[in-house]
Amino acid sequence: MMLPLALLLLAAPPATEHLAVADGHVLVWRSHSLTEGAHPTVERAVIMVHGTGRNAEEYYRWTLAATLVADQLDQTAVVAPHFKARTRDNRGDDVTPGEWYWTNEAWKSGDAATNGKVFSYDVADRILELFNDVARFPNLKEIVVAGHSAGGQYVQRYAAFNRAEPRLHIPVRYVVANPSSYVYLNEQRPRGEGFGRYSDAENCTTYNQYRYGLEKLTGYAAQTPIDVIRAQFPRRTVAYLVSELDTRTDDPNLDKSCPAIAQGPNRRERGTNFANYMKAQYGAQHTFAIAPACGHSAVCVFAGPAGVKAVFGR
């Protein structure tokens, strides 16, 4: 008996590529080569960013399965970059000579690689640049940059700070799913039925510092002027996804720092609050959806109806 195609996709060996970024490289899983050949059937590109476990291969496979659910397999190029992480005493992911690696916090916020001056957001810039090649992707109509959990942190901040989008001839959409925190554009935080200065600001003096706000920006983010950030992010096409059951406050991977708690008690509330904030404070036309019956699970979110609609519009 033949396995269903979805299971074959999950069992198939992934296609990988060492992608040149500056004078080093990163490993990416991809369904179509980013640097060789032409891909005239591709109409949508999906860049999927892994979570704090850095399991890019699994995210690649899950995204292929979601692409199948959406009946978009033939028209979609899927890319899942691997942001490898190592400690300063050389523990962590295996790396090859010249391969960039970060701490497991630095890659989430666009900061510099441990072994060089490349920022983690330079990787997304590079992938966007390659998809913008008309000779290689002549019929590409849109690019979706998506991420879950820590990957959602990466994507939300990248949507706010990146300077690559204006250089593209292709529209970009950002799908932000279940991050532990968001970067706010001013000092306002959820307060009662609206927004105001954080009520515990005197005790939580870092609540508006990066990665939670625009004070003391670092890395890639520090290279984008604050007035540009506040102007461009509300105009970008962003979808927020939160899981109906992602309400645990004892999750060991939930950010429990005071700047994160200023945004809400759990991931579902933080996402709901931030979507409302962007609409109320900046008039953003960003969309918001709840993934029903899902907990903190990327595959449940992206292979379910809310995720398929956010990524594929169907």
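Derivation of every value follows stated rules applied to the coordinates shown; laboratory data play no part. Here the structure is a predicted model, which means the values were calculated and not measured. Cβ: placed from backbone, ideal geometry, glycine included. Neighbour counts: every protein chain shown.
Points worth noting:
- Nitroxide proxy distance, nm - points 7 Å out along Cα→Cβ at Ala201 and Glu43: 4.9 nm
- Note on Ala22 and Asn139: the extension gain reaches 39.4 nm, defined as 0.36 nm multiplied by sequence separation minus the Cα-Cα distance.
- In sequence order, the range 202-208 has phi-based couplings of 5, 8, 10, 6, 9, 4, 10 Hz under the Karplus curve 6.51 cos²θ - 1.76 cosθ + 1.60, θ = phi - 60°, and Gly or Pro positions carry x.
- At most 16 other Cβ within 10 Å, DSSP loop - trypsin sites (Lys or Arg not before Pro), the range 243-306: Arg248, Lys256
- Whole-Å distance, taken between Cα centres, linking the range 216-266 and the range 112-189: 14 Å
- Of the trypsin sites (Lys or Arg not before Pro) found in the range 159-224, the ones in coil according to DSSP and having at most 15 other Cβ atoms within 10 Å of their Cβ are Arg163, Lys216.
- Exposure proxy for Asp250, Asp111: other Cβ atoms within 10 Å of each Cβ, ordered fewest to most, give Asp250, Asp111.
- Along each principal axis, taking the top coordinate minus the bottom one, the Cα set of the range 149-273 gives 43, 32, 27 Å in descending order.
- For Arg61, net neighbour charge (Lys/Arg +1, Asp/Glu -1) across residues whose Cβ lies under 15 Å away: 0
- Backbone geometry of the range 83-89 corresponds, through the Karplus equation with coefficients 6.51, -1.76 and 1.60 at θ = phi - 60°, to 3J(HN,Hα) couplings of 8, 6, 10, 9, 7, 5, 9 Hz, x marking Gly and Pro.
- Reach of Lys279 by Cα under 23 Å, taken over lysines that are not fewer than 8 positions away in the same chain: Lys309
- The alpha-carbon of Lys108 sits under 21 angstrom from the alpha-carbons of these lysines, leaving out residues fewer than 8 places away in its chain: Lys84, Lys117, Lys216, Lys256.
- Across the range 5-312, the mean sequence separation of Cα contacts (distance under 8 Å, 6 or more residues apart), normalised by length, yields a relative contact order of 16 percent.
- Residue-wise HN-Hα coupling along the range 17-25, computed from phi with Karplus coefficients 6.51, -1.76, 1.60 (Hz; x: Gly, Pro): 8, 8, 8, 5, 9, 6, 9, x, 7
- Note on Asn186 and Glu269: the extension gain reaches 28.0 nm, defined as 0.36 nm multiplied by sequence separation minus the Cα-Cα distance.
- The GluC sites (Glu not before Pro) found in the range 29-116 that occupy coil by DSSP, while having at most 10 further C-beta atoms within 10 Å, are Glu36.
- Helix-derived mean residue ellipticity, 222 nm - over the chain, DSSP H n ≥ 4, -39500 (n - 2.57), to 500: -8000 deg cm²/dmol
- Difference of contour (0.36 nm per residue) and Cα-Cα distance, Arg91 to Ile226: 45.0 nm
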